[in-house]
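Asks: Below you'll find the structure I mean.
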């Protein structure tokens, strides 16, 4: 392959003419010029132009082997005979005054999608901020490709972004797993602008899945009264598991005062589904429950509530919940009674599950991707750039090395 063809493949443009090539120890320099027929006025597009002034530009392009490659190209300020304006010619393979070719910038974007910005900067010998700027500009050009008209079910959840209880609220399309909006904060004031947009544009929106946060449910009920609120079963199960953990700690503290260690090291046996335990684990769990009545009652009620999600109709689910609630209140276990009252206050959101049958599985998967993204980047200081990365996260495959 001739050097000219290599040059054309690096720039992806045939308007460049190679004059000569300089080979150095650490880089290759292509001295070139623009073909005469490619000269045109950047204002009106006329080819009837004359040279008014000239200068040289050096652009970084794709590497040749292990060596960096640069283009040194002569450009001209053109005098147009049609519009009588003077302007510097535009290079079709460059972006404004940026000292890189478009092909090299595309390569940076592709690397930034699978590696940290610092790794890309070290590999290419660039400043970390330069890599970030290029990737940020690329993401900003790519609009959030989703339609309000197609939204039927979305989920809302929070993620921690900084220490000292700094949170960001994430809205996710349950059908596609795409993050459609991210906003710092989790109060009604922070959510109001997007909820108002949903009320105007998302006419087919039927339900919103969420945890049992009072702030989220009250804000959505205020701005989207026609949309069903569905409490996610994952968070309900987590609430019941937290109840068992509180009871276990309380009972363990009492056993410790008596010099007993029967509850030590059995936490995960209590939290796992009974059907997932093997024979030895079931035997150990049964021994533990036989000697601790409050823990046995709470564990039994947690396992019973799993049947709630298997009810076929809303009416059947309501009847099941009533029976379960009465048993929980009659148990005499204070933490369990407190949890039962909390679920009763949110029973409408629980029963909405039988009308829509959705879950936050994809949203939880996206949350795991967000954690990996934050670990790879060692955190984000630029929240605007972080949000842009989130909007395109659903289409990326991320993994930690090691």
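The values are calculated or read from the model by the stated rules, or taken from the named source; none is laboratory data. Since we're looking at a predicted model, the values are computed, not measured. With ideal geometry, Cβ positions are generated from the backbone for all residues, glycine too; neighbour counts draw on all protein chains shown.
Asks: Go over the candidates 151, 205 one by one and state the one that is under 21 Å from the mean Cα position of the chain (by Cα), without any contact (Cβ under 8 Å) to a residue 60 or more places away in the chain and over 26 Å from residue 382 (Cα atoms).
Replies: Just one listed residue meets the conditions, 151.
Asks: Another question, if that's okay. Among the candidates 63, 15, 9, single out the residue that is within 18 Å of residue 104 (Cβ to Cβ), touching a helix residue (DSSP H, G or I) at 6+ places or on another chain (Cβ under 6 Å) and in the same structural domain as residue 89 (by TED's automatic domain parsing).
Replies: Only one candidate passes the filter, namely 15.
Asks: Tell me whether the stretch 132-145 contains one or more residues that are surrounded by fewer than 17 Cβ atoms within 10 Å (Cβ to Cβ), touching a strand residue (DSSP E or B) at 6+ places or on another chain (Cβ under 8 Å) and either outside any helix (DSSP H, G or I) or outside the structural domain of residue 383 (by TED's automatic domain parsing) (or both).
Replies: Within the stretch 132-145, one or more residues are surrounded by fewer than 17 Cβ atoms within 10 Å (Cβ to Cβ), touching a strand residue (DSSP E or B) at 6+ places or on another chain (Cβ under 8 Å) and either outside any helix (DSSP H, G or I) or outside the structural domain of residue 383 (by TED's automatic domain parsing) (or both).
Asks: Can you pull out every residue in the stretch 348-366 that is out of contact with any helix residue (DSSP H, G or I) (no Cβ under 8 Å at 6 or more places or on another chain), assigned to a helix (DSSP H, G or I) and crowded, with 17+ Cβ neighbours inside 10 Å?
Replies: 362, 363, listed by residue number.
Asks: Among the residues of the stretch 112-123, write down those that are farther than 24 Å from residue 182 by Cβ and crowded, with 17+ Cβ neighbours inside 10 Å.
Replies: Once the filter is applied, which keeps residues that are farther than 24 Å from residue 182 by Cβ and crowded, with 17+ Cβ neighbours inside 10 Å, the stretch 112-123 yields only 121.
Asks: Let me ask something additional. For the subset of the stretch 216-240 comprising residues that are surrounded by fewer than 16 Cβ atoms within 10 Å (Cβ to Cβ) and in a helix (DSSP H, G or I), which member is nearest to the chain's Cα centre (by Cα)?
Replies: Ranking the candidates gives 234 first.
Asks: Okay, next question. State yes or no: is residue 171 at pLDDT 90 or above and crowded, with 20+ Cβ neighbours inside 10 Å?
Replies: yes
Asks: Taking the condition within 30 Å of residue 373 (Cβ to Cβ), surrounded by 18 or more Cβ atoms within 10 Å (Cβ to Cβ) and in contact (Cβ under 8 Å) with a residue 60 or more places away in the chain, does residue 11 pass?
Replies: When the stated conditions are applied, residue 11 does not pass them.
Asks: Is it the case that the stretch 355-376 has a residue that's closer than 20 Å to residue 231 by Cα and modelled with pLDDT of 90 or more?
Replies: Among the residues of the stretch 355-376, at least one is closer than 20 Å to residue 231 by Cα and modelled with pLDDT of 90 or more, which makes the answer yes.
Asks: Does residue 20 satisfy being part of a strand (DSSP E or B), under 18 Å from residue 2 (Cα atoms), at pLDDT 85 or above and over 47 Å from the mean Cα position of the chain (by Cα)?
Replies: Yes: the conditions hold for residue 20.
Asks: Any residue at all in the stretch 100-109 that's surrounded by fewer than 18 Cβ atoms within 10 Å (Cβ to Cβ), out of contact with any helix residue (DSSP H, G or I) (no Cβ under 8 Å at 6 or more places or on another chain) and farther than 19 Å from residue 13 by Cβ?
Replies: For the stretch 100-109, residues surrounded by fewer than 18 Cβ atoms within 10 Å (Cβ to Cβ), out of contact with any helix residue (DSSP H, G or I) (no Cβ under 8 Å at 6 or more places or on another chain) and farther than 19 Å from residue 13 by Cβ: absent.
Asks: Please work out which one of (1) exposed (fewer than 15 other Cβ atoms within 10 Å of the Cβ); (2) at pLDDT 90 or above is the condition residue 53 fails and give its number.
Replies: Status for residue 53: all satisfied but (2).
Asks: If you check residue 61 against the conditions, is it modelled with pLDDT of 85 or more, within 26 Å of residue 131 (Cα to Cα) and within 34 Å of the chain's Cα centre (by Cα)?
Replies: Spelling it out, residue 61 is indeed modelled with pLDDT of 85 or more, within 26 Å of residue 131 (Cα to Cα) and within 34 Å of the chain's Cα centre (by Cα).
Asks: Which condition does residue 86 not pass, out of (1) within 19 Å of residue 29 (Cβ to Cβ); (2) in contact with a strand residue (DSSP E or B) (Cβ under 8 Å, 6 or more places away or on another chain), if it passes all the others?
Replies: Here residue 86 meets the rest and fails (1).
Asks: Keeping to the stretch 146-158, report how many residues are in contact with a helix residue (DSSP H, G or I) (Cβ under 7 Å, 6 or more places away or on another chain) and assigned to a helix (DSSP H, G or I).
Replies: Total meeting the criteria: 1.
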